[in-house]
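Derivation of every value follows stated rules applied to the coordinates shown; laboratory data play no part. For clarity, every value in this text was computed on a predicted model and none was experimentally measured. Glycine also receives a Cβ, built like all others from the backbone with ideal geometry; neighbour counts cover every protein chain displayed.
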Amino acid sequence: EIDGKKVKLKSTAGTPKRYKAQFRKDYFSELLKLSKLMAGNDGEEFDLAKIDYSELDYLDFEVFYNFIWVLAKTADKNIGDPIDWLDEFDSMPLAEIFPEIIDLLESSISSKKK
C-alpha cells in the first residue's frame, strides 16, 4: 500500500530489461549501488535515519522511485510513465516502502536451487 492505494509489485526476468528500456541505466549496477548503501545496516531493516553521511554518494532518491515504478509496471502493464504514475500519489514514503520491496529486488539477483 502506497499513500493509501493498493499497489501490486512484481519482479520477473524481464524486469531488468524493462528498467533499462525506461531509464537507460543498468538495473544491476543501480541495485549494487543500493546494496553498498544498505551494507552498513547489519541485516537490520532499512532505515534512512541511520545512513552515514559518508554513504550519501550512493544515495539517489530517483533510483528508489525508479525501482518502485519498474516493479509496479512489471505487475501492471497499464500504469503510466514514471512521472505520471508518481503524480497519482500525494506522498511516497520511501522509508516505509523500501523495506517491503527489498525481497523483490534481491530475488532478481539470487539463484534458485534445483
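Can you tell me the length gained on complete extension of the stretch residue 103 to residue 20, counting 0.36 nm per residue apart and subtracting the Cα distance? It would help to have the intermediate numbers written out before the result.
Numbers: separation 83, 0.36 × 83 = 29.88 nm, distance 2.02 nm.
Computed gain between residue 103 and residue 20 is 27.9 nm.
Using amide H atoms built 1.01 Å from N in the peptide plane, name the residues 5+ places from residue 2, or on other chains, whose amide H lies under 5 Å from its own.
7
Multiplying the sequence separation of residue 5 and residue 79 by 0.36 nm and subtracting their Cα-Cα distance, what value in nm do you get? Kindly include the intermediate steps, with their values, before the conclusion.
Numbers: separation 74, 0.36 × 74 = 26.64 nm, distance 1.35 nm.
Gain on extension, residue 5 to residue 79, equals 25.3 nm.
Students often check this: by mean Cβ neighbours within 10 Å, which of 66-77, 3-14, 21-32 ranks highest, and how do the rest follow? Please list the in-between numbers first.
Working: 66-77: 19.2, 3-14: 12.2, 21-32: 13.9.
So the order, starting with the most tightly packed, is 66-77, 21-32, 3-14.
Here is the link list: 8/33; 25/77; 33/77. Which ones come out longer than 23 Å on Cα distance? All intermediate terms of the calculation are to be shown ahead of the outcome.
On the way: 8/33 25 Å; 25/77 20 Å; 33/77 27 Å.
Those over the limit are 8/33; 33/77.
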